[in-house]
Amino acid sequence: MSMYRAITDGVYEINLLDSSDEEMESMSRDRNLGLSIRELREIKKHFQREGRNPSDVELEAFAQSWSEHCCYKTSKPILNESVFKTKAPQNICVISEDAGVVDFNENYAYVVALESHNHPSALDPYGGAATGIGGILRDVVCMGAQPVALVDPLFFGPLDYDYRKIPEGVKHPEFLFKGVVSGIAAYGNRVGIPTIAGMVEFDESYVGNCLVNVGCIGIVRKDGIIHSRAGYEGDVYVLAGGKTGRDGIHGVTFASAELDEDSEEKDIPAVQLGYAIMKEPLMHACLEASKKKLLTGMKDFGGGGLSCVSAEMAHSGGMGARVYLDRVPLKEEGLNPWEIWVSESQERMMLTVKPENVEKVLDIFDFWDVPAVVVGEIDDSNRIKAIYNGVTVLDLDLDFLLKGVVYERPHRFVDRGCREGEFRMPDLEESCLRILGSQRVGSKASVIRRYDHEVRGNTVIKPMQGVVNKQSHGDAAVIKPLDNSFQGLSVTTDVNPHFCRLDPYWGAASAVEEVVRNLVSVNSLPHSMADCLNFGNPEKEDRLGDFRKCCEGLYFAASSFRLPFVSGNVSFYNESASGAVAPTPSLLGIGIARDVRKCVTADLKRRGNLLYLVGETRREMGASEYYRILGLDGGRVPRVYPERVMKGMDSLLDLMDSSRIRACHDLSTGGLFVALAEMCFGGDLGARVDLHGMGDLRSDFKFFSESNGRWLVEVRERDSQMVEDKLNALRIGEVNKEKSLDLSDNKNRVCLDLGELREKWMNAIDWEE
């Protein structure tokens, strides 16, 4: 008996009830559904209870909704025990929707979202990254918020990686790097939203699977917040924006499997095609309709396309829905109903509207020259139905479709060890130059300057800070989102995947602490976080063990700092033939700057000012950049001591508010030496530093330790006594005009020309067109 029977034009009944396990598995492979035999059996039981076979459209719906990407079937139990437990009074609407909504002031809230677009970017770096930006913008807009800033944490293999070692079917890291950055720049610049923060990390684990994480921050009046759910029975579905095509077919099932050497050929249709010129008027039209209170719900077309957006909106509203597939505007003729149902074509939004407001909504979209059409209606059935040419081709119970599968998979943690070994100290001057010239530490100006970080005119503190044409890296950017207020939002992204690979728990906790330090460095109060958790195949016990440990570390640090996770994403299966990526829980941190006029930057300001080190330096060299350049494994990953950090944080913020701190920079990758060099670069000033007060640590550990909880601050001499009274700070030197960096302790001295250091730092990443 054939497994397929035609129902209507382009729609087939699939004989699941009479199929063996082998036949179901073969069918799932052939259709690229990504459904396991366990899941197929559950679906088969469901249709046995329904007394019928499913259509191909219905099986495709399960493939979307039951993918790891959409339903978090592996991660949810772990997240419920950790990240989801972080709470705070500033939360308005968090975790449960497309973006988190958090209190900003009496009348306004800010909106935060962070997502991954890893697999698409590995196949098509320009298009994958660009559509990642498109998707994250829609996530914020669908809460009724105006996007005001973008961020982009990015992770690649070394740019100088040997071409002969590249696995079959994998693109070189340099090609991916340039394509991704160009895609983000092209899309973000075209829609007029500034890209103000991000990071670029390099590690061999990303050679086979780069990571492209993108985030967005928006602002919305509290009385203008709208939700990603259907409104009321009788409301209609309005599909607005781009047309539906064959791009993005099976995007979520593609994202829920490992990459292999055949991915380039078989999975490229899963990559969406961006259309930035449509996005800007689409955002304007959606926000205008929302502001005029004409919408009862709004959600973007993300993973799973029409299948997920229509089902999830109805279910979240406690409703059911009917969708008419033949009303959906198409890019081309001949799409099968299942393709219309799961296509992830870009620049599309789903709105729910009361019948009496439909014409008003359509008029707004017509004014903005954005296509919009009624494609369905809301009912009280708790079922989702799809109709094509008068024939019902899908009729599913929403509870079963959206709550059908959760896994408690086995996991194990592999202890990598953390003891510090003994070794002979190499030449300090050579080590300084090698660290400053490494791709991880070197200047990211070639990336940052491809983005328009000042469009909209609200970026107060830029990602590059200091004297014109001499700018250096800052810790966080600051935007002023409202015209009538000096209150601002500070933004940073952080994670050290090298820490997380050696010790997932303390690596993840360190990422949270670095978020805190960076936000404090610009004189802002840490307020919320979003996470994007990038890991390998969760069906492998050690990968899931790393995930669990990271989540526990995130929860420990976030709860200790009373900092909630308000939105996020889990991206599993970041793995190829060369292995899994390093555990990479990338974080987006948001702070509240009470007065942007009092914000502090990292560049040195004036010769004669004093330099203080805040916090304790320990021999915690595990996964440090110093150990990496020396080829040393093992060591102790830096620990996190929240109570000590919060005490220093409060004192620093008080001193900044009274303008006692002239410059501030946190100590992270490369330790004290790199932080000091970057401050000198930005101010185009030198410094002389004496580290003998740091105790009995070896000179190289003083220079390069990456212990947490530390800041380097610049203070006027007249303010030094107050700083010493309020901070647990060590005076280590002063700013001068010698254009050199002079570091010494009681045993060693290094004096390096600032021009030579800057050249090494600026040329670490060579971008040739």
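Take the Cα of R644, step 7 Å along the line toward its Cβ, and report every residue of the range 672-713 whose backbone nitrogen sits under 13 Å from that point. In the range 672-713, the label zone of R644 (backbone N under 13 Å from the point 7 Å along Cα→Cβ) covers 706-711. Per-atom-type breakdown for the chain gives carbon and sulfur 45% of the accessible area (1.4 Å probe, protein chains only).
Segment Y4..H692, full-extension length gain: 239.8 nm, with 0.36 nm per residue of separation and the alpha-carbon distance subtracted. Entry note, the chain: relative contact order of 14 percent, from Cα contacts under 8 Å with a spacing of 6+ residues. The string of couplings for the range 92-104 from the Karplus curve (6.51, -1.76, 1.60, θ = phi - 60°) is 10, 8, 10, 6, 7, 10, 5, 8, x, 10, 10, 4, 10 Hz, one whole number per residue in order, with x for Gly and Pro. Here the contact order of the range 637-769, divided by its residue count and restricted to Cα pairs under 8 Å and six or more residues apart, works out to 31 percent. At the listed q of 0.10, 0.16, 0.20, 0.21 Å⁻¹, the Debye profile of the range 38-196, built from one uniform point per Cα, gives log10 I(q)/I(0) equal to -0.58, -1.09, -1.22, -1.26.
Heavy-atom accessible area, probed at 1.4 angstrom with all protein chains present, ranks F367, F177 as F367, F177, highest first. So what does log10 I(q)/I(0) come out to for the range 565-724 at q = 0.12, 0.14, 0.20 Å⁻¹, using the Debye formula with one equal point on every Cα and no solvent? Results for the range 565-724 at q = 0.12, 0.14, 0.20 Å⁻¹ read -0.65, -0.85, -1.40.
Please work out the average accessible area per residue across the range 428-483, using the 1.4 Å probe convention, and give it in Å².
Heavy-atom accessible area per residue stands at 38 Å².
Extending 7 Å from the Cα toward the beta-carbon at both D399 and E23 defines two label points whose distance is 3.1 nm.
Stretching D595 away from M762 to a fully extended chain increases their span by 56.9 nm, per 0.36 nm per residue minus the current alpha-carbon distance. The convex hull drawn around the Cα atoms of the chain, when projected onto a plane and averaged over every direction, covers 31.5 nm². Listed cross-link partners K87/K549; K85/K702; K243/K360; K222/K385; K243/K480 are compared with a 29 Å cut-off, the Cα-Cα value being larger for K85/K702; K222/K385; K243/K480.
If a spin label sat at a point 7 angstrom from the Cα of K165 along the line to its beta carbon, the backbone N atoms of the range 583-621 nearer than 19 Å would be those of 583.
Computed from point charges on the beta carbon alone (+1 for Lys and Arg, -1 for Asp and Glu), the dipole magnitude for the chain about its Cα centre is near 2420 Debye. Accessible surface comparison of Y505, Y612, probe 1.4 Å, protein chains only, largest first: the order is Y505, Y612. Could you tell me whether the range 409-517 comes out rounded, prolate or oblate from its Cα gyration tensor? Rule is a ≥ b ≥ c as square roots of the eigenvalues, rounded for a/c under 1.5, then prolate if a/b exceeds b/c, otherwise oblate. It comes out oblate by the Cα gyration axes.
How big, in percent, is the set of alpha carbon pairs in the range 318-375 lying more than 16 Å apart?
So the pairs more than 16 Å apart make up 54 percent of the total in the range 318-375.
Translational diffusion of the range 475-561, estimated by Stokes-Einstein from the Kirkwood radius over alpha carbon pairs at 4 °C in a medium of 1.567 mPa s, is 92 µm² per second.
Projecting the Cα atoms of I461, G437, C500 onto the dipole axis of the range 355-513, where Lys and Arg carry +1 and Asp and Glu carry -1 at the beta carbon, places G437 farthest toward the positive end.
Shown for the chain are the DSSP H helices of 18 Å or more along their axis, judged by Cα atoms, with a mean Kyte-Doolittle hydropathy of at least -0.5: 125-141, 173-191, 276-291, 504-521, 541-560, 642-657, 671-683.
Within the range 609-624, whose backbone N sits under 19 Å from a point 7 Å along Cα→Cβ of S720? Answer for the range 609-624: 609-615. Derived scalar couplings between HN and Hα for the range 193-208 equal 10, x, 9, 10, 8, x, 7, 10, 10, 10, 6, 4, 5, 8, 4, x Hz in order, rounded to whole Hz, by the Karplus curve 6.51 cos²θ - 1.76 cosθ + 1.60 (θ = phi - 60°), x for Gly and Pro. Rolling a 1.4 Å probe across the protein heavy atoms gives the range 504-642 an accessible surface of 26 Å² per residue. For the range 584-633, the alpha carbon convex hull comes to 191 Å³ per residue, rounded to a whole number.
The values are calculated or read from the model by the stated rules, or taken from the named source; none is laboratory data. Quantities reported herein were computed from a predicted structural model and do not represent experimental measurements. Quick reminder, even Gly has a Cβ in these numbers, built from the backbone with ideal geometry, and neighbours come from all protein chains shown. All accessible areas refer to the heavy atoms of the entire protein, side chains included, with ligands and DNA or RNA removed. Shrake-Rupley method; radii C 1.70, N 1.55, O 1.52, S 1.80 Å.
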